2 protein chains.
Amino acid sequence: MSFQNKLLNIIEKNQSVLCIGLDTHADRIPEHLKNRENPLYDFNKAIIDKTVQYAAAYKINTAFYEACGIMGWEALKKTVQYIPDSVLTIVDAKRGDIGNTSRLYAQALFNELNADAITVNPLMGYDSVYPFIENPEKGVFFLCLTSNPGTKDFQHFNDGTQTLYSKIALTVKTWNEKQNCGLVVGATHPYELNTIREWVPELPLLIPGIGAQGGDLEKSVKNGTDERGSNALFNASRSIIFASKGTDFAEKAAQKAKKTYRALNDARKDKTMNR
Amino acid sequence: MSFQNKLLNIIEKNQSVLCIGLDTHADRIPEHLKNRENPLYDFNKAIIDKTVQYAAAYKINTAFYEACGIMGWEALKKTVQYIPDSVLTIVDAKRGDIGNTSRLYAQALFNELNADAITVNPLMGYDSVYPFIENPEKGVFFLCLTSNPGTKDFQHFNDGTQTLYSKIALTVKTWNEKQNCGLVVGATHPYELNTIREWVPELPLLIPGIGAQGGDLEKSVKNGTDERGSNALFNASRSIIFASKGTDFAEKAAQKAKKTYRALNDARKDKTMNR
């Protein structure tokens with residue numbers, strides 16, 4: 001089954017477009033976990049147990065694990081193994097290199113870690129991304145218009161008829177022969193999200209920034225989903241997983257996940273009922 | 001001391017602009033090393049011992065290590081520790097993410113691994129790179145015009161007055177307040193290398209592609225170095241480290257490194273004598 005069909009099925013089955021970001025910053029883990037053998041993994045396990053009923057996917061940002069060396073790498077691997085098959089696992093690594101090197105990254109992320117999907121930086125062009133999109137079952141979300149302020153430096157670079165991010169969106173469309181390509185578009189750009197959705201209705205969108213980064217959830221759902229309120233995942237990380245610093249961290253994360261899940265589904269309902 | 005001064009001093013002291021790429025592909029390691037506890041590290045150690053007299057820097061591409069999981073991560077860390085202070089250690093990770101995440105990558109690469117310099121993908125703009133360039137002693141080579149064919153997809157994107165790679169070069173120039181920024185420009189683009197050198201004479205260039213990728217060594221030196229034949233590093237990986245598959249792999253790598261080192265110095269001499 002293609003990655004896109006897997007994604008659409010899970011959204012339908014779980015009735016959720018929520019992606020929970022496991023940006024597990026070692027410094028922000030509750031005190032009572034810090035003496036465990038692998039605090040990052042124990043934290044993630046508890047978060048997953050309590051939040052999985054609201055999720056369509058988990059997104060694991062490799063930076064937070066690499067910063068902890070071997071222990072972090074182990075936590076990353078064990079976390080991916082622990083995530084149940086009922087949800088997607090997206091490894092947010094933003095890789096991209098010359099062909100022979102990207103092939104090794106693909107091996108590291110898809111085979112060694114067994115991610116369902118990854119994020120890739122497309123700057124180096126087709127031969128740098130080809131090894132990532134060979135397998136139809138494995139998905140790739142390409143950075144298109146990211147959620148941070150720095151997008152103005154290069155992603156908005158404009159040749160008079162199109163911007164770099166539109167060029168990326170339309171190029172990825174041509175790479176999507178195996179129905180396994182998607183785009184990363186920040187919730188902090190609701191207007192551009194609408195335009196990108198119109199250009200590439202078939203591509204799944206991974207939309208970060210509805211949590212701590214302050215993107216508009218309702219507008220993002222309205223502009224980012226397809227006509228059925230699907231084909232997009234909305235990521236919140238810190239706002240969910242660090243909802244409390246106490247021993248109740250997992251329960252508080254679950255409450256916040258439930259609230260976000262409901263808000264997303266309300267916005268989807270609004271959209272599909274007002275068509 | 002700023003990273004750039006450190007680089008210029010090492011080039012002067014070692015009389016070398018050669019960067020040796022430790023793209024240590026597990027499948028290409030000689031048979032007799034494959035049963036070792038950590039074959040990647042043992043391979044690198046032998047290569048470093050025999051080639052260090054010709055080198056100004058080693059560049060370690062993280063992909064080849066990540067592909068081997070925990071063992072790879074250990075090999076990466078131990079290799080960086082093993083590289084002597086007489087040369088620079090560049091960790092080629094091509095990272096770049098939103099600010100709070102880039103900060104963690106900076107911690108992973110500069111503190112946890114203790115790299116002298118890293119490569120960074122600038123696509124996400126200033127706030128995504130700021131955490132990497134805070135420390136003047138640590139260097140960052142930003143992807144500008146890479147050595148692979150895919151550069152035509154986005155790096156050559158043109159607004160009528162400038163290309164994306166020229167915009168990157170001129171933007172990085174403004175980021176270089178602490179004399180610790182450089183650019184990655186492939187030896188496979190000798191003409192553009194000349195132009196970029198003229199635009200940003202002060203920025204160190206990391207120039208891959210003189211080995212297996214077939215870039216023109218003489219032209220690259222002529223166009224990529226400054227008037228003293230300095231301020232640039234030329235990287236060859238596979239052509240040096242995999243010069244032989246036998247038990248003589250390190251000797252053969254040393255011969256190839258010596259040959260490349262001499263060719264680079266001959267080209268530098270040609271340039272400075274013909275000024």
message: Going by what's in this entry, would B:Val200 be described as surrounded by 17 or more Cβ atoms within 10 Å (Cβ to Cβ), touching a residue at least 60 places away in the same chain (Cβ under 8 Å) and among the β-branched types (Val, Ile, Thr)?
response: no
query: When only residues in the range B:112-153 that are within 23 Å of A:Cys68 (Cα to Cα) and hydroxyl-bearing (Ser, Thr, Tyr) count, which is nearest to the other protein chains (Cβ to nearest Cβ)?
result: B:Ser128
task: State which residue pairs qualify: first residue within 11 Å of chain B (Cβ to nearest Cβ) and inside the range A:62-84, second residue of a type in the set (Val, Ile, Thr) in any location, beta carbons under 7 Å apart, and separation of 6 or more residues or different chains.
output: A:Thr62/A:Val91; A:Ala63/B:Thr101; A:Phe64/A:Thr24; A:Ile70/B:Ile70; A:Trp73/B:Ile70; A:Glu74/B:Ile70; A:Leu76/A:Ile60; A:Leu76/A:Thr62
query: Restricting attention to the range A:157-171, does a residue exist that is in contact (Cβ under 8 Å) with a residue 40 or more places away in the chain and farther than 22 Å from A:Ile11 by Cα?
result: yes
- request: Please verify whether the range A:179-192 includes one or more residues that are buried (at least 21 other Cβ atoms within 10 Å of the Cβ), away from chain B (no Cβ under 13 Å) and polar (S, T, N, Q).
  value: yes
- prompt: Among B:Ala257, B:Ala232, B:Ala253, B:Ala236, which is the only one that is more than 12 Å from B:Ala187 (Cβ to Cβ), surrounded by 23 or more Cβ atoms within 10 Å (Cβ to Cβ) and in contact with a strand residue (DSSP E or B) (Cβ under 7 Å, 6 or more places away or on another chain)?
  reply: B:Ala257
message: So, in the range A:44-61, how many residues would count as being away from chain B (no Cβ under 11 Å), closer than 23 Å to A:Val184 by Cβ and not hydrophobic (A, V, I, L, M, F, W, C)?
response: 5
query: So, in the range A:3-28, of the ones that are within 14 Å of another protein chain (Cβ to nearest Cβ) and within 12 Å of the chain's Cα centre (by Cα), which residue ends up farthest from A:Ala55 (Cα to Cα)?
result: A:Asp23
message: Which of the numbered conditions does A:Val172 fail, given that it passes all the others? Conditions: (1) within 13 Å of chain B (Cβ to nearest Cβ); (2) crowded, with 24+ Cβ neighbours inside 10 Å; (3) of a type in the set (A, V, I, L, M, F, W, C).
response: (2)
query: A:Arg197 is checked against (1) within 16 Å of A:Tyr54 (Cα to Cα); (2) out of contact with any Ser or Thr (no Cβ under 7 Å at 6 or more places or on another chain); (3) of a type in the set (Lys, Arg) and fails just one. What number does that condition carry?
result: (1)
- request: Output the residues belonging to the range A:39-68 that are in a helix (DSSP H, G or I) and within 12 Å of A:Thr79 (Cα to Cα).
  value: A:Pro39, A:Leu40, A:Tyr41, A:Asp42, A:Phe43, A:Asn44, A:Lys45, A:Ala46, A:Ile47, A:Ile48, A:Asp49, A:Tyr65
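No value in this document is a laboratory result; all are computed from the given coordinates. The structure displayed is predicted, hence computed values, not measured ones. Cβ coordinates were reconstructed from backbone atoms using ideal geometry, including for glycine residues, and neighbour counts include every protein chain displayed.
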